[in-house]
Amino acid sequence: KAVGKTMPLDGDGDEHGDGNASSGDRGQRGVTAVHVVGVCERTGRARVLRAKAARRGGLENVAFFAKHPHLPHVAYASTERIDERGKVLALRLIGDDGADFEVVGEACSGGKSTCYMGFDRDGKHLLAASYWDAKLSVIPLQENGATMHAPTLTISRPEADYVEHAKPSMEEHWRFRQRWAHTHCVVTEPYERRLHFVVDLGLDKIFIYNVESMQCVSDVVLPKGKGPRHLVFHPTIRAAYLVNELDSTVSSFRVCLDDIDNPRLSLMQCISSLPEDVQAKKVFDPRGAWKAHSHSSEIRLHPSGRFLLVGNRGHDSIAVYTINQDDGLITLVDIVASGGACPRNFNFTPSGKFVLVGNQNSHNLASFSFCEHTGRMSMVHCLTDIVS
């Protein structure tokens, strides 16, 4: 599942440059759980540098990776299960290029199916979002980043109480994606770093929390059926972009933080990530669940801030948007085949010259060149047998 959780690691590197990435596998116990992949920043070619077995270091069902915001050789991985609470693992990156790692700490994530991690402004706390039971947990980090403690605070959505008393199955979840709350993402706005934005796919809402008090001070209500997944903030323009998983759209917002007690996201536009002829298609899943032909996955900003990319699972493509540098509005300029089936995640190499796309169902990692002037993507290499 997590083959696409690509995580560029800064460093000098060797002939493969400084574009190392990690990709995870949630397959059977005992198989490879994490591949560390080196990427050449000149050619875009990739190769597996390390492969970590699931049975070592508690790496079963790894779902998401995140680097510590201030410590260059510390990163974190979360595990994802619906039948028990997940874990957050602290990783020490080995070598200047981070081409290897070891698990040096762990903590309970506070929820089930832990799918996203963020940090407070000082890097002293990790925030873990758990999808299945809609939990948001605050985990203290010591100075070395590796020592973690149990969550000091776990915020529960009452709309997720259904999980505890009904014990829904995965099949029920796929059939009724919004029957209960699903916390999917937590991001701290980069401008003042005083507010956390928590995205809930099940409720079609974004909850806004004060960093200091961890009280919810506002929310953003989306049209029913959007299924918001991940949120990113532009680094210089006061604009935010939300990928909506269930209807394959991107919502662009103006970020208004003048009043910390009443922060707002003002909708500017909402644009599909799919071609017109497939935007309304639906298929019947073999498990009996009606679902869209395609569901959006990840959303990423190019390091220059001039482009925005969104993954389409089902249509198996990457949508490319340009960003107006004056007002933050986006324009769809291309939709490119992802190089495999079900592009669950992707990321840019540190230079922004290449994009790595993890295709979950075809078990491959596709590398694309990326033109910083036009946004044009061209596949240059593909690693196969990256089992997910």
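Residue by residue, here is whether (1) in contact with a His (Cβ under 9 Å, 6 or more places away or on another chain); (2) at pLDDT below 95; (3) open to solvent by less than 60 Å² (accessible area, probe 1.4 Å) holds:
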position	(1), (2), (3)
THR114	no, no, yes
MET117	no, no, yes
GLY123	yes, yes, yes
LEU126	yes, no, yes
TYR131	yes, no, yes
ILE139	yes, no, yes
MET148	no, yes, yes
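Quick check on ARG42: is it open to solvent by 20 Å² or more (accessible area, probe 1.4 Å), at pLDDT below 90 and either in contact with a strand residue (DSSP E or B) (Cβ under 8 Å, 6 or more places away or on another chain) or not in a helix (DSSP H, G or I) (or both)?
So ARG42 does not fit the description; no.
Can we say VAL333 is surrounded by fewer than 21 Cβ atoms within 10 Å (Cβ to Cβ), outside any loop (DSSP other than H, G, I, E, B), at pLDDT 95 or above and touching a strand residue (DSSP E or B) at 6+ places or on another chain (Cβ under 7 Å)?
Yes: the conditions hold for VAL333.
Got at least one residue in the range 160-179 being closer than 14 Å to ASP83 by Cα, open to solvent by less than 40 Å² (accessible area, probe 1.4 Å) and in a strand (DSSP E or B)?
no
Which residue, of THR384, THR349, is open to solvent by less than 40 Å² (accessible area, probe 1.4 Å) and at negative phi?
Going through THR384, THR349 in turn, just one is open to solvent by less than 40 Å² (accessible area, probe 1.4 Å) and at negative phi: THR349.
Please go through the range 66-97 and give me each residue that is closer than 25 Å to ASP133 by Cα and either free of Cβ contacts under 8 Å to residues at least 12 places away in the same chain or open to solvent by 20 Å² or more (accessible area, probe 1.4 Å) (or both), ordered by number.
Matches in the range 66-97: LYS67, ARG81, ILE82, ASP83, GLU84, ARG85, LYS87.
How do the strands (runs of 3 or more DSSP E) wholly within the range 218-313 filter down when requiring 1 or more residues that are farther than 17 Å from VAL198 by Cα and of a type in the set (A, V, I, L, M, F, W, C): which remain?
264-272, 282-284, 290-292, 295-301, 307-313
Scanning the range 203-212 for residues that are assigned to a loop (DSSP other than H, G, I, E, B) and open to solvent by less than 60 Å² (accessible area, probe 1.4 Å), which turns out farthest from TRP132 (Cα to Cα)?
My answer is VAL211.
Is it the case, given these coordinates, that SER378 is surrounded by 23 or more Cβ atoms within 10 Å (Cβ to Cβ), within 30 Å of ARG50 (Cβ to Cβ) and more than 17 Å from the chain's Cα centre (by Cα)?
No, not satisfied.
Being touching a residue at least 24 places away in the same chain (Cβ under 8 Å), surrounded by fewer than 23 Cβ atoms within 10 Å (Cβ to Cβ) and part of a loop (DSSP other than H, G, I, E, B), is that true of even one residue in the range 105-112?
For the range 105-112, residues touching a residue at least 24 places away in the same chain (Cβ under 8 Å), surrounded by fewer than 23 Cβ atoms within 10 Å (Cβ to Cβ) and part of a loop (DSSP other than H, G, I, E, B): absent.
The values are calculated or read from the model by the stated rules, or taken from the named source; none is laboratory data. Because the structure is a prediction, the values reported are computed rather than measured. Because the Cβ atoms are built from the backbone with ideal geometry, glycine has one as well, and the counts that use them run over all protein chains shown. Accessible surface is based on the protein model in full, side chains and every heavy atom, while ligands, DNA and RNA are left aside. Shrake-Rupley method; radii C 1.70, N 1.55, O 1.52, S 1.80 Å.
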